[in-house]
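A short worksheet on the structure shown next.
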Amino acid sequence: MDFVENVGRRSRVNGDNGDFINVGIFSLNGYERNALYQNQGGGCFAEVGYLAGCDRVEDGRGLGFLDADQDGDLDIAINNYLQPARLLINQAPPENHWIRFRLQGTRSNRSAIGARVVLEHGARRQVREVTSSAGYLSGQSLTLHFGLGLDREVERVTVRWPSGRVEELRNLRADRLVPLIEGQVGPASLFSKK
Ligand SMILES: [Ca+2]
Ligand SMILES: [Ca+2]
């Protein structure tokens, strides 16, 4: 048995004997405790997996974020190797606000993959990009989700399309999905009335 080739394997592959090397409490391929990192701001993160109740020891592979129960916060779907998948529902009190954008390219590709959205609200600035995948064996939603904390409004949204076109929206109310079509301004109802 080749040591390196068999580290972490649990099944017979290409004539291997299928032995799994015992590495004690350590793992070189899965069965590590899941961790959840909370953004503390200022480039700092806190590991809150235990407090959030999602620090299971599983052989995780793919992971995706989605609002499975459509209540405005993101939930997590985890795909495990030879184990049931997990759907972790965020049960935090619904006190925070959010906004989502669904982009559609016209000069750019229709899915707007590669577009960058910059959000400014209160003293915060957030950046998201439309991507087709993120992480190992994982696809991600083409809808961009931004958590806004206690802010009920977004002062400015800047969209940089893959074509190079840059568009800007101002004063959007929170807690809604905003469709954005390249080259078009959204309906007036999307804008808050001041
Ligand atoms: Ca949710
Ligand atoms: Ca929730």
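The values are calculated or read from the model by the stated rules, or taken from the named source; none is laboratory data. This structure is a prediction, so every number in the text was calculated from the model and none was measured. Glycine also receives a Cβ, built like all others from the backbone with ideal geometry; neighbour counts cover every protein chain displayed. Ligands, DNA and RNA are stripped out before the accessible areas are found, and what is left, the full protein with its side chains, is counted by its heavy atoms. Shrake-Rupley method; radii C 1.70, N 1.55, O 1.52, S 1.80 Å.
Might you let me know whether region 37-48 holds any residue that is aliphatic (A, V, I, L, M) and modelled with pLDDT under 85?
For region 37-48, residues aliphatic (A, V, I, L, M) and modelled with pLDDT under 85: absent.
Mind checking which pairs have a first residue in region 84-95 that is part of a loop (DSSP other than H, G, I, E, B) and a second that is open to solvent by 100 Å² or more (accessible area, probe 1.4 Å) and more than 10 Å from ligand 1 (Cβ to nearest atom), Cβ under 8 Å, 6 or more apart or different chains?
Glu95/Leu150
Kindly list, by first and then second residue, each pair from a residue in region 66-79 that is more than 16 Å from Gly139 (Cβ to Cβ) to a residue that is near ligand 1 (Cβ under 6 Å from one of its atoms), limited to pairs with Cβ atoms under 9 Å and residues at least 6 apart or on different chains.
Asp69/Asp75; Asp69/Asn90; Asp71/Asn90; Asp73/Asp67; Asp73/Asn90
Step by step: first the residues of region 55-67, then only those that are within 13 Å of the chain's Cα centre (by Cα) and more than 17 Å from Tyr37 (Cβ to Cβ), then the one that is farthest from ligand 2 (Cβ to nearest atom). Which residue is that?
Gly62
What number goes with the only condition from (1) within 29 Å of Gly60 (Cα to Cα); (2) open to solvent by 40 Å² or more (accessible area, probe 1.4 Å); (3) touching a residue at least 12 places away in the same chain (Cβ under 8 Å) that Gly147 does not pass?
(2)
What single numbered condition from (1) more than 14 Å from ligand 1 (Cβ to nearest atom); (2) assigned to a strand (DSSP E or B); (3) under 14 Å from the mean Cα position of the chain (by Cα) fails to hold for Arg125?
All conditions pass for Arg125, except number (3).
When you scan region 68-85, how many residues do you find that are open to solvent by 90 Å² or more (accessible area, probe 1.4 Å) and either within 16 Å of Ala52 (Cβ to Cβ) or within 12 Å of ligand 2 (Cβ to nearest atom) (or both)?
Number of matching residues: 1.
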